[in-house]
Structures are given as C-alpha cells and as structure tokens.
Amino acid sequence: MPTIHPTPAALLLFLLCLTPTATWAQSSQQAEWQAYEDALSRGERQAQIWHYGWTGIYATSLAVNAYEASEADDDDDRFDARVGTVKSALALSGMFLDTQPHPAARREFERLQAAGDLEQARDLMREVAAEERARRSWQARVDSLIVNTLGGLAIGLGDDRPGDGAISFATGMLVSELQLRTQPTQAGHALNRFQPARLSLGGMHLDYQYAWTLAPNQVGVHIRY
C-alpha cells in the first residue's frame, strides 16, 4: 500500500475541513468584537487623560507666562514671557477645539455591537485608525511649526537674540511633538492583531486573517476568512 506524505498546506487544509466551521467562525468573531471593544475603551480612557493632562499643562504655562510678562525683573524675560503667553494661549485654545475620535467611536461601536453588524464595526475601526495616523502625520505638525517659528523669529530678530530664539523654537517643537506622540493609537493596534495570509493548494487559494492569542495557560490562534 503506498504511503501518502501530506504537505503542510494540505495538512492545514485538512484540519480546516475537520473543524466545525460555524463554531470556529463564532469564536473568531467573538474574539474580534472583544478586541475592538477593549481597544476603544482603552482609547477613550487614554484620550481623556491626554486631553485633561495637556489642557492642564498649557493652562499652567499660560498663567506662569502671563505673570512673568509683567512681573519678571529682566526685560528679556518679560519679552520671552509675552511670546510664551501667546503660544500657550493658542495651544490651550487648540485643546478645546481638538477632540479625539475614540469617545464617539465607542458609542457608535456599542450600537453596532448590539445590532451584530461586524462589517460596519470593522469599517468604524478603520476610520478611527486612519484618523489616529492623520493626527500623527507631518500635516498635523504644520500649525505648531508656524507658531514656534514665528515665536522664535520674534525673539531672535525682533529682540535681537538669535540664540534665545532658536531655543524657544526648539523647546516649543519638542513640546508639540510630545503632545502628538502621546495621543491614543489603540484602534490601529487592534486592527493589526489580524494579519492577512493566503493558503495555496494547487490551483486553489484561501485568503484568511489570523491573530495569535496568549493566556497564562494556553496559546491559540483566531482565524477569520
């Protein structure tokens, strides 16, 4: 009797056929729902911390600069404080106008979850992830670049202190960069859990996505196709 040596791809396809499709798909969808729910919940918490934290930082900076603008002993310090007051006021107003997408997305996700609309939930997560990327793109840095450049020029050229102007510019850009990089990125991480893959056997192809799951007492993989 001839011996058959199955290839790894054929063995995996055989296991796919043996696995109850409905149970498998249901388990994979439940894991996906949970991953999205956890990501948006973490994103909402992080967004609140980010908003209140940076609002507090800029409000404190505004108060200190406003005080120094009139009370500092040195003329240069008073000039720098006036520039800092303008920059802090612009940054603070931006915090009130700028809202993270996660709180609204979580409410919409709850509606989709109640309706069992997983495809729309995936689209929602993609939209949030796209906004997360946009909020860290180079375009998001243009406003801070303009404000800090004008502030540095005001000190460097307007007050004839190029060294202090350069320091003001660099410090402002560093703070702006920290503000951008501390924003939530949970939706993008949740989507990246599921990696695309393809199983090929002869002329047949099966496109699917997989995500590894780790627990204290087990290691598993969720597959959706």
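The values are calculated or read from the model by the stated rules, or taken from the named source; none is laboratory data. This one's a predicted model, so the numbers in the text were calculated from it and none came from an experiment. A quick note on method: Cβ atoms are made from the backbone with ideal geometry, for glycine too, and the neighbour counts reach across all protein chains shown.
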Sort out which residues of the range 145-165 are without any contact (Cβ under 8 Å) to a residue 40 or more places away in the chain, under 19 Å from Ala91 (Cα atoms) and either touching a strand residue (DSSP E or B) at 6+ places or on another chain (Cβ under 9 Å) or not β-branched (Val, Ile, Thr) (or both), and write them in order of number. Leu145, Leu150, Gly152, Leu153, Gly165
Being under 17 Å from the mean Cα position of the chain (by Cα) and among the aliphatic types (A, V, I, L, M) is the filter here, so list the residues in the range 25-73 that pass it. Ala35, Ala39, Leu40, Ala47, Ile49
Mind listing whichever residues of the range 86-95 are closer than 14 Å to Phe169 by Cα and either polar (S, T, N, Q) or touching a strand residue (DSSP E or B) at 6+ places or on another chain (Cβ under 7 Å) (or both)? Ser88
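Out of everything in the range 35-74 that is under 15 Å from Gly188 (Cα atoms) and surrounded by fewer than 16 Cβ atoms within 10 Å (Cβ to Cβ), what residue ends up being modelled with the highest pLDDT?
Filtering the range 35-74 down to residues under 15 Å from Gly188 (Cα atoms) leaves 35-44, 46-47.
In the following step, the residues that additionally are surrounded by fewer than 16 Cβ atoms within 10 Å (Cβ to Cβ) were identified as 38, 41.
On the way: Asp38: 91, Ser41: 94.
Taking the candidates together, the pick is Ser41.
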Kindly provide the set of residues from the range 89-114 that are in a helix (DSSP H, G or I) and touching a Lys or Arg at 6+ places or on another chain (Cβ under 9 Å), ordered by number. His102
What number of residues in the range 168-195 are under 30 Å from Ala39 (Cα atoms) and either β-branched (Val, Ile, Thr) or part of a helix (DSSP H, G or I) (or both)? 18
Of the residues Arg136, Arg181, which is under 18 Å from Ile49 (Cβ atoms) and either loosely packed, with under 13 Cβ neighbours inside 10 Å or touching a His at 6+ places or on another chain (Cβ under 7 Å) (or both)? Arg181
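Regarding the range 99-118, can at least one residue be identified that is closer than 18 Å to Gly172 by Cβ and surrounded by fewer than 13 Cβ atoms within 10 Å (Cβ to Cβ)? Even if it seems obvious, please write down each step before you answer.
Initially, the range 99-118 is screened for residues closer than 18 Å to Gly172 by Cβ, giving none.
Looking through the range 99-118, none of the residues is closer than 18 Å to Gly172 by Cβ and surrounded by fewer than 13 Cβ atoms within 10 Å (Cβ to Cβ).
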For the range 115-167, which residues satisfy the criterion of being touching a helix residue (DSSP H, G or I) at 6+ places or on another chain (Cβ under 8 Å), under 22 Å from Gly188 (Cβ atoms) and outside any helix (DSSP H, G or I)? Arg135, Arg136
